[in-house]
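The block underneath contains the structure these notes are about, expressed in structure tokens.
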Amino acid sequence: MLLLGFVISDKYKKQYRIVASNNDLGDLKRFYILSGNARIGNVNYHFAGSEVLYLDDLHIRQDAILFPAYWWDVIVAKIYLPSLQWQTHNFQGRGIGTAMIEFLAEYARSMGAKRIEGHIKSNDLKINPDLPNWYLRRGFKMEGNKISRSL
Ligand SMILES: CC(C)(COP(=O)(O)OP(=O)(O)OC[C@H]1O[C@@H](n2cnc3c(N)ncnc32)[C@H](O)[C@@H]1OP(=O)(O)O)[C@@H](O)C(=O)NCCC(=O)NCCS
């Protein structure tokens, strides 16, 4: 089930819809980031007590598939180009992750939280050694692999 609707902008002023999903995830909640109808990223989070929004995962996709706008284009393309490979698009580095952190901060504040917390996972760090600095430049403090930002 999709709930609520919000909009964020990247650094080129392109807009993305944010939709909340609470579908069968228990306490874990998720926001999807949409470009048109394509899911180009997501945030998984949960509330830890009344003061903390805990960031379980933030992911902006490097390989988002942009489908044609209309379903009949999909059918026509598949009939005439059966070997068609959908084009993928990299959405990283456009300021979407930054906009998502600011959106989360506002959302967490509106829910009465006082901090955003999370941990940088070793796998993510291996792929992107700049990740701690990415969070530090966005107002987070670091203690070991724990990140936190006061709201
Ligand atoms: C880390 C991540 C969320 C950042 O989101 P983003 O939308 O690419 O980030 P932004 O465009 O807002 O910020 C770009 C900054 O990140 C750096 N960067 C990191 N990875 C990058 C990439 N693959 N492409 C471009 N820029 C990248 C840029 O140098 C830039 O630096 P700045 O702080 O000086 O501005 C995203 O790269 C991602 O999903 N990575 C894979 C999953 C991951 O590691 N998630 C974090 C879990 S804790």
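Only the coordinates and a few stated rules stand behind these numbers; no lab work does. None of the values given here were measured: they were computed from a predicted structure. Note that we place each Cβ from the backbone using ideal geometry, even for glycine, and neighbour counts take in every protein chain shown.
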## Note on the structure
For GLU117, GLU143, ascending order of other Cβ atoms within 10 Å (fewest first) is GLU143, GLU117
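At a Förster radius of 35 Å, what calculated FRET efficiency corresponds to the Cβ-Cβ distance of ASN145 and GLU106, to the nearest 0.05?
0.85
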### Query
Which ordering of SER148, SER9 is given by a fewest-first count of other beta-carbon atoms within 10 Å?
SER9, SER148
#### Entry: Förster radius 35 Å - calculated FRET efficiency between ASN90 and ALA48, Cβ distance, rounded to 0.05
0.60
### Message
Explain nothing, just compute: Karplus ³J(HN,Hα) = 6.51 cos²θ - 1.76 cosθ + 1.60, θ = phi - 60°, for every residue of segment 41-53 in order, whole Hz, x for Gly and Pro.
### Response
x, 7, 10, 9, 7, 8, 8, 9, x, 8, 9, 10, 8
### Task
Describe numerically, in nm with one decimal, the distance between label points set 7 Å from Cα along Cα→Cβ at PHE6 and at ARG39.
1.8 nm
#### Entry: Residues THR88, THR98 arranged by fewest to most Cβ contacts within 10 Å
THR88, THR98
### Message
Straight-line reach only, C-alpha to C-alpha below 21 angstrom: list the lysines that LYS146 could link to, leaving out same-chain residues fewer than 8 apart.
### Response
LYS29, LYS114, LYS121, LYS126
### Message
Apply the Karplus curve 6.51 cos²θ - 1.76 cosθ + 1.60, θ = phi - 60°, to the phi angles in segment 109-119 and return the couplings in whole Hz, x for Gly and Pro.
### Response
4, 5, 8, x, 6, 10, 8, 9, 10, x, 10
